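One structure is given below, encoded as structure tokens.
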Amino acid sequence: MADSLVRHVRPGAQLALALSGGVDSVALLHALLSLRHPHSLDLRAVHVHHGLSPHADHWAAFCARLCAAHGVELAVCHAQIARDDPAGIEAAARRERHRIFAAVEADFLLTAHQQDDQAETLLLQLLRGSGPKGLAAMPELRRRPGWRAAHLRPLLGVARSALLAYARDQALAWVEDDSNVDTRYRRNALRREVMPRLADHFPGSGATLARAAALQAEAAELLDDLARLDAAAAIDGDRLDCAALAALSGARARNLLRHFIELHGQPPPNARTLGEALHQLLDARHDARVCVRLGSSEIWRFRGGAHLVPVAPELAPPVRWEGESILQVPSAGVAVAMEAVTGAGLRRSELERGEVSLGVRQGGERLRLHPGGPHRSLKKLLQEHAVPPWQRDRLPLLWCDGRLLWAAEIGVDADARAAADEPGILPRVA
């Protein structure tokens, strides 16, 4: 553990320990206390009160007493976990822990994951069919997007048996989580039923599996290096060039596409979804509307490039404008500012006489952009203005008495445009 701290932690750093009260985190706290003064560490602790066990209050109280005895500041944070969460209790609890940990003000957030946890994680990922990144399991140090502290796991090289022996040798007290014996949870089933059998036939299997995870981490790092090399010629800002993607071998193309998705902060999709996305991007007809759902995002093909964008908000009825300077348009997922101007935008008098609403296209809308010109279909105008397809159905529009007068990215109706010296309202996406 000391080696991990030397590698990553400078003297005087602020450390926050995730303290559950179990033997692993209690042993880590005890070890950190012996290093606190020699290394000038600012040590605090955070306890996540999941509220799932009838003993949860007892565990929080135990952690409070333990920290008070050693002069360590403790924050007890209550998680909000729905027992009927569709992702399952384990996933919901992990999501809540990460939400709490993300807000911790410290240089490092320490968790007590150890070597056997690493071995179990490798097996779980292997059984999910994960690639090198998943099989790399848990890194010692990780800077997670949105977290204020770096996530450090200083015990990954220490076996559970060694931690237990240390805790007993130091006469430490800890709590036992009753849910750890429930083999309905997959990790518990591995820990209590599979890992002991493996150890019987393959002594030292925990350390061997942890070593395998480290090798997979090296392989994943090499794949990232290769993706960055390929990205230099293929990725420009938020656009991935499909021609450059097509010029690569299948494995390199999948690796680059996975890298592109991760650059946008999205988790990598499974192999089947990734393969389907690559197939659609490269093999669909040039005029096809290509869109593949990737969790909370979608990948679109537009003018020879791939673009990753958030899933559009659900449709909602238009909202009425009653003179506000800014108005939220839920279906568009944006706010529209209604700026008072002179000689531009829409005639203020016309808007004040009628009923004004803002929403998104329903189909069949038409707009006259030039005086005396024809009313043209909004669909055609969106194509001519090169508005990406994922924006077309979520572009904010303004109607007055049912007549379309403004479309974002396109312009205002020529017949309702304010004259040079006339008061106007200029809508724009805020």
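The values are calculated or read from the model by the stated rules, or taken from the named source; none is laboratory data. Everything numeric in this text was worked out from a predicted model, so none of it was measured. Positions of Cβ are generated from backbone atoms using ideal geometry, with glycine treated the same way; all protein chains shown enter the neighbour counts. Only protein heavy atoms, including side chains, enter the accessible area calculation; ligands, DNA and RNA are left aside. Shrake-Rupley method; radii C 1.70, N 1.55, O 1.52, S 1.80 Å.
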Among (1) open to solvent by less than 50 Å² (accessible area, probe 1.4 Å); (2) not in a helix (DSSP H, G or I), there is one condition ASP116 misses while meeting the rest; what is its number?
(2)
Taking the conditions exactly as written (small (Gly, Ala, Ser) and either within 16 Å of HIS151 (Cα to Cα) or out of contact with any strand residue (DSSP E or B) (no Cβ under 7 Å at 6 or more places or on another chain) (or both)), does ALA79 satisfy them or not?
no
Can you work out which of the residues in the stretch 56-105 that are charged (D, E, K, R) and open to solvent by less than 50 Å² (accessible area, probe 1.4 Å) is modelled with the highest pLDDT?
GLU96
Within the stretch 171-198, residues among the small types (Gly, Ala, Ser) and closer than 13 Å to LEU123 by Cβ come out as ALA189
Would you be able to tell me the number of residues in the stretch 113-154 that are touching a residue at least 60 places away in the same chain (Cβ under 8 Å) and at positive phi?
2
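List the helices (runs of 4 or more DSSP H) inside the stretch 153-251, counting only whole elements, that have at least 3 residues being over 30 Å from CYS67 (Cβ atoms) and open to solvent by less than 60 Å² (accessible area, probe 1.4 Å).
On the way: elements: 160-169, 186-189, 195-201, 205-234, 242-246.
Filter on the stretch 153-251 gives 195-201, 205-234, 242-246.
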Number of positions in the stretch 256-283 that are in contact with a Lys or Arg (Cβ under 7 Å, 6 or more places away or on another chain), in a loop (DSSP other than H, G, I, E, B) and more than 18 Å from ARG128 (Cα to Cα):
0
Kindly provide the set of residues from the stretch 253-286 that are within 27 Å of ARG144 (Cβ to Cβ), among the charged types (D, E, K, R) and either in contact with a strand residue (DSSP E or B) (Cβ under 9 Å, 6 or more places away or on another chain) or surrounded by 12 or more Cβ atoms within 10 Å (Cβ to Cβ) (or both), ordered by number.
ARG254, ARG258, GLU262
Those residues of the stretch 198-248 which are basic (Lys, Arg) and at pLDDT 95 or above amount to ARG228, ARG239
Run down LEU66, LEU52 and say which single residue is in contact (Cβ under 8 Å) with a residue 40 or more places away in the chain and either among the polar types (S, T, N, Q) or assigned to a loop (DSSP other than H, G, I, E, B) (or both).
LEU52
Scanning the stretch 29-46 for residues that are out of contact with any strand residue (DSSP E or B) (no Cβ under 8 Å at 6 or more places or on another chain) and either surrounded by 14 or more Cβ atoms within 10 Å (Cβ to Cβ) or among the β-branched types (Val, Ile, Thr) (or both), which turns out nearest to CYS67 (Cα to Cα)?
HIS30
Output the qualifying pairs, or none if there are none: Cβ atoms under 9 angstrom, residues six or more apart or on different chains, first residue in the stretch 203-222 and within 30 Å of LEU256 (Cβ to Cβ) and among the polar types (S, T, N, Q), second residue open to solvent by less than 40 Å² (accessible area, probe 1.4 Å) and in a helix (DSSP H, G or I).
GLN216/LEU122; GLN216/GLY134; GLN216/LEU135
Looking at (1) within 42 Å of the chain's Cα centre (by Cα); (2) outside any loop (DSSP other than H, G, I, E, B); (3) not β-branched (Val, Ile, Thr), can you tell me which one SER349 breaks?
(1)
Conditions: (1) among the small types (Gly, Ala, Ser); (2) surrounded by 15 or more Cβ atoms within 10 Å (Cβ to Cβ); (3) in a strand (DSSP E or B). ALA344 meets all but one. Number of the miss?
(3)
Residue in the stretch 409-430 that is most open to solvent (accessible area, probe 1.4 Å), counting only those that are in contact with a helix residue (DSSP H, G or I) (Cβ under 9 Å, 6 or more places away or on another chain) and assigned to a loop (DSSP other than H, G, I, E, B):
GLU409
Among (1) open to solvent by 40 Å² or more (accessible area, probe 1.4 Å); (2) farther than 12 Å from ALA210 by Cα, which single condition is PRO139 missing?
(2)
If SER357 satisfies all but one of (1) open to solvent by less than 70 Å² (accessible area, probe 1.4 Å); (2) part of a strand (DSSP E or B); (3) closer than 30 Å to HIS264 by Cβ, what's the number of the condition it fails?
(3)
Identify the residue in the stretch 1-28 that is over 15 Å from ASP42 (Cα atoms) and assigned to a loop (DSSP other than H, G, I, E, B) and, among all such residues, is most open to solvent (accessible area, probe 1.4 Å).
SER20
Any chance the stretch 394-401 includes a residue that's in contact with a strand residue (DSSP E or B) (Cβ under 7 Å, 6 or more places away or on another chain) and open to solvent by 20 Å² or more (accessible area, probe 1.4 Å)?
yes
